[in-house]
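> I'd like to ask you about the structure that follows.
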Amino acid sequence: MTYCVGLLLNDGMVLLSDTRTNAGLDNIATYRKMFHFEIPGERVITILTAGSLSVTQTTIARLRDAIDDPEATAQTSVLLAPTMLAVAEIVGNVLARVRREIDEKLSMAQGASATMIVAGQRKGGGMRMFLIYPEGNFIEATEDTPFLQIGEHKYGKPILDRVVKPTTSLSDAQKAVMLSMDSTLRSNLSVGMPLDLCVINKDALRIGSLRRIEAGDESFRAMSEAWSRALRDGFTQITL
């Protein structure tokens, strides 16, 4: 399984994913689940993936092939699509098509499924973030719900519900997604290090920063321990 989260804020977007792929207790591997497509100064798109690795990897490969196709059009390439809504539609269509193809091949077994978060901005448009379902349909992050999650999301959701607002700063947002991931890592063994963290500043139309957080990262460990202490202290101060 996996856990990926994206925040859509007034100042930009913050995205975080783990890299663990689990096909059983004795078959655990590391695969990147964050992918970037950009024309600096014109558009930037980041995709997070969760679910069947065969579906997600094939979908990303098809999206890349469509970009490289000499006959690519605004209806087939995410780097030519006129809006982020059109990008979400392209990704949704490819994901649904790949899922159906793989489901047919696995008809004698359990079907394959995957979900994706598509976030980005193109020149002349605003920042947008979508959650793409296996069937190809999607929902969009809004001011009321400025974050989207895929994978094992339940453990990391409470802190996001409590602290994340559109006005949250990018620095606080990074702290929020890291603590959300920390809660998930502690509660679910199917989510694991290393982590990929991405920040996209509003109107920059390029990746602002990328960070790979390895197991044993000192700053992540210190943050996790500080959060544990704060929770324990808060717990002891509450009276019934």
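The values are calculated or read from the model by the stated rules, or taken from the named source; none is laboratory data. All figures in this text were calculated on a predicted structure; none of them were measured in a lab. Please note: Cβ atoms are built from the backbone with ideal geometry, for glycine as well, and neighbour counts cover all protein chains shown.
> Does any residue in region 61-78 that is without any contact (Cβ under 8 Å) to a residue 12 or more places away in the chain come within less than 8 Å, Cβ to Cβ, of a residue that is among the β-branched types (Val, Ile, Thr) six or more places away or on a different chain, and which pairs are these?
Between residues of region 61-78 that are without any contact (Cβ under 8 Å) to a residue 12 or more places away in the chain and residues that are among the β-branched types (Val, Ile, Thr), the close pairs are Asp69/Thr76.
> I'd like the full set of residues that are small (Gly, Ala, Ser) and closer than 28 Å to Ala29 by Cβ, limited to region 185-221.
Of everything in region 185-221, those that are small (Gly, Ala, Ser) and closer than 28 Å to Ala29 by Cβ turn out to be Ser187, Ser190, Gly192, Ser209, Ala215, Gly216, Ser219.
> Let me ask another. Is it true that some residue in region 214-231 is touching a strand residue (DSSP E or B) at 6+ places or on another chain (Cβ under 7 Å), of a type outside the set (Asp, Glu), surrounded by 14 or more Cβ atoms within 10 Å (Cβ to Cβ) and outside any helix (DSSP H, G or I)?
no
> Quick check: anything in region 169-185 at pLDDT 95 or above and not in a helix (DSSP H, G or I)?
Checked against the condition, which is being at pLDDT 95 or above and not in a helix (DSSP H, G or I), region 169-185 yields at least one hit.
> Further question on the same structure: Go through Ile60, Ile102, Ile47 for me and flag whichever is over 20 Å from Ala141 (Cβ atoms), hydrophobic (A, V, I, L, M, F, W, C) and either within 15 Å of the chain's Cα centre (by Cα) or part of a strand (DSSP E or B) (or both).
Ile60
> Right, here's the next one. Return the only residue of Leu131, Leu148 being in a strand (DSSP E or B), buried (at least 17 other Cβ atoms within 10 Å of the Cβ), under 15 Å from the mean Cα position of the chain (by Cα) and without any contact (Cβ under 8 Å) to a residue 24 or more places away in the chain.
Of the residues listed, the single one that is in a strand (DSSP E or B), buried (at least 17 other Cβ atoms within 10 Å of the Cβ), under 15 Å from the mean Cα position of the chain (by Cα) and without any contact (Cβ under 8 Å) to a residue 24 or more places away in the chain is Leu131.
> Turning to a different aspect of this structure: Just one of the numbered conditions (1) crowded, with 17+ Cβ neighbours inside 10 Å; (2) closer than 19 Å to Glu38 by Cα is not true of Thr115; which one?
Status for Thr115: all satisfied but (2).
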